[in-house]
Structures are given as C-alpha cells and as structure tokens.
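The values are calculated or read from the model by the stated rules, or taken from the named source; none is laboratory data. All values derive from a computational prediction rather than experimental measurement. Cβ coordinates were reconstructed from backbone atoms using ideal geometry, including for glycine residues, and neighbour counts include every protein chain displayed. Just so you know, the surface numbers come from the protein's heavy atoms only, side chains and all, with ligands and any DNA or RNA stripped out. Shrake-Rupley method; radii C 1.70, N 1.55, O 1.52, S 1.80 Å.
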Amino acid sequence: MDVDETQAEVGLPLLSQLLLEWIRGEESEGMAQANYANAAAIIAENLTAINWAGFYFYDAKLDELILGPFVGKAATVRIKNGNGVVGTAFKKGTTIRVADVHEFVGHIACDSDSNAEIVLPLVTATGAKIGVLDIDSTMLNRFSEQDEQDLTNFAQVLLRYV
C-alpha cells in the first residue's frame, strides 16, 4: 500500500473500512462476484433494521437489471430499466431514498416487511453505469442523508476492487 492509498483511507466511514479490510484480508482484489457477495453481507451485518441488501447488474441486450449477489429473502430476478426504485435509480443515474415504499408508484415488492429503500447507481471510474446497490429496511424512513453519503463511499471503495 502506498502513501497516497493510506491517506485516502483516513476518514473512511466504518462500513467502507470494514469492506476494505475484508477485501485485503482475503486478498480478493479483482474477484468481483466474491467481493459483491461479501459487500452485501457486510451491509446486512452492520446496518440496523436491514432486511435485504444486494446488487442488480445491467444487461444492455435485455435493457434490464439482473439480480446479483444479495443477502435476504428471494428477490425479483429481472427489473426493466426505469421500473421500480431499482430501475428508476439506474435510469436516472442518481441515488433514490424512499421513506415509505408503499407510496412509491411502481414499487416492486419482494418482501412485504420492507418499508423503506435506498438504491445507489454503480458507476465505474470510466463512467460506465453497471448496476445498482439496493438496500431495503423494515423501518419507515430508515435511510438518512448520512447513510447515503456513507453508502456512496462504500460503493466507490467496492468498485475499486471488482
């Protein structure tokens, strides 16, 4: 690890630190599927009131987001680009925090216990949109602006190692 890398890690949110230490400890740099799976587990284990955490990846031929590694109940496998919270966040290229998923027109319900959701687009360093990080909660209004910032950082750290 060089000095620039060490300096960049100072001030990382705890969730990002946990992810980084796990990837380095497992020497899993470049092992995308394993790192996505462990990232979902780290979120599920360390955030309160989370009942689903995982990834959807964009398939340009289908113009759909396809279920990737996750922790939680079985989920919708294919989501059309622009549909639901997942497809909308991907299409717009912006994070969406939903305080009450029951009020989100077009919400795709996989688990009736879910009440709030946050979806963050995954964008590579070259600007390619590859998918989303999707997290559901049993609590209404679970995700704060701070959560959004911390999870954005988490996704950026993850994308450096997949």
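Observations on the model:
- Just one of (1) touching a residue at least 24 places away in the same chain (Cβ under 8 Å); (2) farther than 22 Å from Gln149 by Cα fails for Arg24. It is (1).
- The strands (runs of 3 or more DSSP E) found wholly in segment 84-150 and carrying at least 1 residues that are open to solvent by less than 10 Å² (accessible area, probe 1.4 Å) occupy 116-123, 129-137.
- Verdict on Phe154 being open to solvent by less than 50 Å² (accessible area, probe 1.4 Å), within 12 Å of the chain's Cα centre (by Cα) and farther than 21 Å from Ile66 by Cβ: yes
- Residue list for segment 13-63, filter: outside any helix (DSSP H, G or I), of a type outside the set (A, V, I, L, M, F, W, C) and touching a Leu at 6+ places or on another chain (Cβ under 9 Å): Pro13, Gly54, Tyr56, Tyr58, Asp59
- Test for Thr6: is it at pLDDT below 95, loosely packed, with under 12 Cβ neighbours inside 10 Å and among the β-branched types (Val, Ile, Thr): yes
- Residue in segment 76-90 that is touching a Cys at 6+ places or on another chain (Cβ under 7 Å) and at pLDDT 95 or above present: yes
- Candidate set from segment 20-66 (those that are touching a Phe, Trp or Tyr at 6+ places or on another chain (Cβ under 6 Å) and of a type in the set (A, V, I, L, M)); member that is surrounded by the most Cβ atoms within 10 Å (Cβ to Cβ): Leu65
- Single match in Leu62, Leu19 (criterion: closer than 21 Å to Ile118 by Cα and either basic (Lys, Arg) or modelled with pLDDT of 95 or more (or both)): Leu19
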